[in-house]
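Student: Quick one: this structure, given as structure tokens, is what I'll be asking you about.
No lab work stands behind these numbers, since they all come straight from the coordinates. The structure presented is a predicted model; accordingly, all values stated were derived computationally and were not measured. Counting neighbours? That spans all protein chains shown, and the Cβs are built from the backbone with ideal geometry, glycine included.
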Amino acid sequence: MIVQALQWVGQTDGFLELVDQRRLPAEFVKIKCTRAEQVYDAIKTLAVRGAPAIGVAAAYGLVLAMQKSTESKEPTSLLADLAKSCEYLASSRPTAVNLSWALKRVKRKTSEYIADSPGTDLHSLRESILAEAHKIRQEDVDMCRRIGENGEKFIEDGAGILTHCNTGALATAGQGTALSLMFEAHKRGKSFKVYADETRPLLQGARLTAWELQQARIDVTVVCDSTAGWLMKQHHVNTVITGADRIAANGDTANKIGTYTLSILARRHCIPFYVAAPSSTFDLSIKNGAQIPIEERAAEEIRFFGENKTTPDGANVYNPAFDITDAANITAIITERGVIEKPTAQKITEHLA
């Protein structure tokens with residue numbers, strides 16, 4: 001079974017339904033979002049997470065935002081309302097480029113719709129925004145499947161795979177990015193073992209990836225983040241596959257904190273390191289990883305484990321959500337369009353052309 005992380009229920013007056021990922025694996029609970037503020041909070045607090053998923057969620061958040069607009073407003077005022085909602089939702093998390101990409105796309109399409117239909121009414125405008133959000137979601141579903149199909153060849157029968165954070169259906173509208181390779185390989189009858197880093201401090205690997213792979217009946221073992229190097233030295237791992245939240249023009253990749261370390265370990269042990277991500281994750285306006293903004297999250301995520309305090313009073317805490325993996329450490333980037341081996345700026349430009 002592959003879970004559905006989010007779905008829109010109803011028509012333009014409907015709502016967004018999300019799986020509350022903060023409560024997995026202990027509880028499977030869904031959140032009903034009827035206001036854009038609830039979508040913002042869900043993204044900010046990681047009730048919904050994963051670059052593709054938060055992009056889709058934000059697109060539907062704009063539908064909710066426009067439910068508050070009134071018929072008396074002129075098209076220019078409606079566009080101003082939409083722009084304000086885009087800015088608001090984009091501020092929920094700064095690193096994942098899919099978030100701003102989806103919002104900009106809906107805003108651009110809405111502007112084009114008004115230009116082509118200057119006398120449009122509010123209902124038609126809302127239908128246009130919902131249609132674009134639906135389109136973004138369906139494209140994500142198709143994208144996930146194609147990433148898996150393009151990359152499953154890198155999973156050999158009997159492989160030991162190490163993955164980090166969560167890159168499955170819970171992180172997308174479809175079956176995932178990095179985990180999509182595993183789902184597709186599993187469909188083809190390949191037998192392999194997955195080691196899921198627990199992914200401190202919020203345990204997305206232990207809580208979410210292990211849960212998803214269990215649902216799909218794929219052999220999975222949870223390990224501490226610090227176990228990765230020892231697994232490689234013991235030859236239990238021969239492939240590393242991760243996702244990405246933003247990829248610079250030269251191939252430097254932002255992903256969950258700890259990914260950079262894995263890339264260094266993989267290189268040291270001559271193990272291929274693959275990144276699976278949609279083409280929308282590339283940000284060609286950023287030349288290299290040094291220019292990617294890194295979100296720093298609340299110190300409480302490290303100071304506490306659940307309700308239990310784990311650091312002494314007054315201890316300083318540094319809690320970046322992401323790090324940057326150098327393109328030189330990446331064996332290949334797998335997208336829905338194909339595979340970029342040994343990524344460079346030129347290869348990426350040609351791939352996206």
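Student: Do any trypsin sites (Lys or Arg not before Pro) in the stretch 211-274 lie in a DSSP loop with no more than 16 other beta carbon atoms within 10 Å, and if so, which?
Tutor: Passing both the DSSP loop test and the Cβ count: R217.
Student: Under the 0.36 nm per residue contour assumption, what length would be gained going from the current alpha-carbon distance of A298 and R337 to full extension?
Tutor: Between A298 and R337, full extension yields 10.4 nm more.
Student: Okay, next question. What is the Cα radius of gyration of the stretch 102-214 over 2.2 N^0.38 Å, N being its residue count?
Tutor: Compared with the compact-globule rule of thumb, the stretch 102-214 sits at 1.44.
Student: Once the mean 1/r over all distinct Cα pairs of the stretch 147-352 is inverted, what Kirkwood radius in angstroms do you read off?
Tutor: 17.2
Student: Given the options T34, P118, M143, identify the residue whose Cα lies farthest towards the positive end of the charge dipole of the stretch 6-146 (+1 on Cβ of Lys, Arg; -1 on Cβ of Asp, Glu).
Tutor: Checking the options against the dipole of the stretch 6-146, the answer is M143.
Student: Right, another one. Given springs between every Cα pair under 10 Å in a Gaussian network model of the chain, which of A216, A298, A57 has the largest fluctuation?
Tutor: Looking only at A216, A298, A57, the largest GNM fluctuation is found for A298.
Student: Over the alpha-carbon set of the stretch 267-328, divide Rg by the Kirkwood Rh and report the Rg/Rh ratio to two decimals.
Tutor: Dividing the radius of gyration by the Kirkwood radius yields 1.11.
Student: Sticking with this one: Strictly greater than 15 Å: what percent of every Cα pair in the stretch 7-55 meets that?
Tutor: 43
Student: Please identify every one of the GluC sites (Glu not before Pro) in the stretch 99-195 that sits in a loop by DSSP and has no more than 15 other beta carbons within 10 Å of its own beta carbon.
Tutor: Taking the stretch 99-195 and a limit of 15 other Cβ atoms within 10 Å, the loop GluC sites (Glu not before Pro) found are E156.
Student: Note the per residue figure in Å³ for the convex hull of the C-alpha positions in the chain.
Tutor: Taking the convex hull of the Cα positions in the chain, it is 139 Å³ per residue.
Student: Continuing with this model, one more query. In the stretch 180-197, which residues have a backbone nitrogen under 20 Å from the label point lying 7 Å from Q215's Cα in the Cα-to-Cβ direction?
Tutor: 180-188, 194-197
Student: I want to verify a result. In a Gaussian network model of the chain, Cα cutoff 10 Å, which of these has the top mean-square fluctuation: K342, K135, K68?
Tutor: Fluctuation is largest for K68.
Student: In Å, what Rg and Dmax follow from the Cα atoms of the stretch 6-146?
Tutor: Taking only Cα atoms of the stretch 6-146, I get Rg and Dmax of 14.7, 51 Å.
Student: When the dipole is taken about the Cα centre of the stretch 60-214, and only Lys, Arg (+1) and Asp, Glu (-1) are charged at their Cβ, what size is it in debye, to the nearest 20?
Tutor: Computed about the Cα centre, the dipole is about 240 debye.
Student: Identify which of T242, T209, T311 has the largest mean-square fluctuation in a Gaussian network model of the chain, with springs joining Cα atoms closer than 10 Å.
Tutor: Of T242, T209, T311, the Gaussian network model singles out T311 as fluctuating most.
Student: About the Cα centre, and with charges only on the beta carbon of Lys, Arg (+1) and Asp, Glu (-1), how big is the dipole of the chain? Nearest 20 debye, please.
Tutor: 440
Student: Which cross-chain or sequence-distant (5 or more) residues have an amide H under 5 Å from the amide H of F305, H modelled 1.01 Å from N in plane?
Tutor: T310
Student: I would also like to ask the following. If exposed means no more than 15 neighbouring beta carbons inside 10 Å and the site is in a DSSP loop, what's the longest run of the chain without any exposed chymotrypsin sites (Phe, Trp or Tyr not before Pro)?
Tutor: Answer from the scan: 29-317.
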